[in-house]
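Everything on this sheet refers to the single structure shown next.
FYI, it's all coordinate maths here, none of it is from the lab. In this text the structure is predicted, and so the values were computed from the model without any measurement. A quick note on method: Cβ atoms are made from the backbone with ideal geometry, for glycine too, and the neighbour counts reach across all protein chains shown.
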Amino acid sequence: MTESRRAAFVDRDGTIIVDAHYISRPEQVRLVPGAADALRRLNEAGVPVVVVTNQSGIARGTITESEYARVAERVELLVREAGASIDATYYCPHHPAITGPCDCRKPGTGMFEQAADEMELDLRGSLYVGDKWRDVAPGIALGGRAILVASAETPADDLARAERDAEVAGSLGDAVIAFLSESAR
């Protein structure tokens with residue numbers, strides 16, 4: 001039996017790429033400054049980078065599955081061109097008001113548990129990072145390290161809740177440094 005390893009579960013929109021609301025074309029993708037450097041630090045430390053993203057635009061009919069796939073490919077290309085890599089991407093195409101409840105939509109833990117099963121990951125030793133409370137709440141539920149990266153898109157209530165119940169960082173890079181430095185102790 002293989003030993004589980006910790007991972008970094010990273011939200012996509014607003015954390016790795018600029019949140020442009022329902023991105024449907026690859027040319028709309030812009031990396032958040034410093035995001036690729038943060039991912040590269042994780043790569044160099046041997047920590048798998050797992051993107052976990054809600055994509056309700058698919059259920060809403062705002063974007064198609066194939067448009068989502070092309071955008072996801074563009075994200076991976078830009079990250080790779082910047083010298084980093086993404087080990088896996090999991091996405092939830094649902095919206096509860098349209099498709100009904102599901103286990104995968106954040107703040108649910110379904111995508112994280114699926115990744116842990118498929119990649120033999122330690123959920124308790126992992127980092128959960130994003131710019132909304134729903135991105136980091138699974139980390140608390142699963143016993144990991146939850147760090148909210150405050151952005152212009154972060155609701156004030158999410159920030160206040162993270163300050164109370166999780167951690168807050170100024171950037172993905174700051175969150176990664178905090179995670180890796182604690183892990184090195």
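What does the charge count around residue 136 come to, taking other residues whose C-beta lies under 10 Å from its C-beta (Lys +1, Arg +1, Asp -1, Glu -1)? Before the final figure, lay out each step's value.
Details: positive: 106, 132, 134, 145, 161; negative: 11, 131, 135, 158, 165, 167.
For residues surrounding residue 136, the net value is -1.
What the phi angles of the stretch 160-171 give under the Karplus curve with 6.51, -1.76 and 1.60, with θ = phi - 60°, is a coupling list of 4, 5, 5, 4, 7, 10, 9, 10, 10, 10, x, 7 Hz, glycine and proline written as x. Taken along the Cα-to-beta-carbon direction at a fixed 7 Å, the label points for residue 117 and residue 77 span 3.3 nm. In this label model, residue 45 and residue 70 are separated by 3.6 nm, measuring between points 7 Å along each Cα→Cβ vector.
A cysteine counts as unpartnered when no other cysteine's C-beta lies under 4.7 Å of its own; in the chain this applies to 102.
Scanning the chain for GluC sites (Glu not before Pro) lying in DSSP loops with no more than 16 further Cβ atoms inside 10 Å, the longest uninterrupted stretch between such sites is 4-119.
Expressed in nm to one decimal, what extension gain is obtained for the pair residue 98 and residue 153 from 0.36 nm per residue of sequence separation less their Cα-Cα distance? Please list the in-between numbers first.
On the way: separation 55, 0.36 × 55 = 19.80 nm, distance 2.37 nm.
Gain on stretching residue 98 to residue 153: 17.4 nm.
Using θ = phi - 60° in the Karplus curve 6.51 cos²θ - 1.76 cosθ + 1.60, the 3J(HN,Hα) couplings for the stretch 16-22 round to 9, 10, 5, 6, 9, 6, 6 Hz; x is entered for Gly and Pro. Going by the alpha-carbon gyration tensor, a ≥ b ≥ c the square roots of its eigenvalues, is the chain rounded (a/c under 1.5) or, if a/c is not under 1.5, prolate (a/b greater than b/c) versus oblate? Judged from the Cα gyration tensor, the chain comes out rounded (a/c under 1.5). The charge dipole of the chain, taken about its Cα centre with unit charges on the Cβ of Lys, Arg, Asp and Glu (plus for the first two, minus for the last two), comes to roughly 120 debye. Within the shell of other residues whose beta carbon sits under 12 angstrom from the beta carbon of residue 70, the net charge comes to -3, with Lys and Arg scored +1 and Asp and Glu -1.
Structural descriptor for the chain: relative contact order 24 percent, calculated from alpha carbon pairs under 8 angstrom and at least 6 residues apart.
Tell me what the chain gives for mean residue ellipticity at 222 nm when only DSSP H runs of n ≥ 4 count, each as -39,500 (n - 2.57), the sum divided by the residue total, rounded to 500 deg cm²/dmol. Kindly include the intermediate steps, with their values, before the conclusion.
Details: 8 runs with 77 residues, N = 185.
Helices in the chain give a 222 nm mean residue ellipticity of -12000 deg cm²/dmol.
Inter-label distance, residue 60 to residue 27: 2.3 nm, where each label sits 7 Å from its Cα along the C-beta direction. Computed over Cα pairs, the Kirkwood radius of the stretch 110-183 leads via Stokes-Einstein (1.306 mPa s, 10 °C) to a diffusion coefficient of 128 µm² per second.
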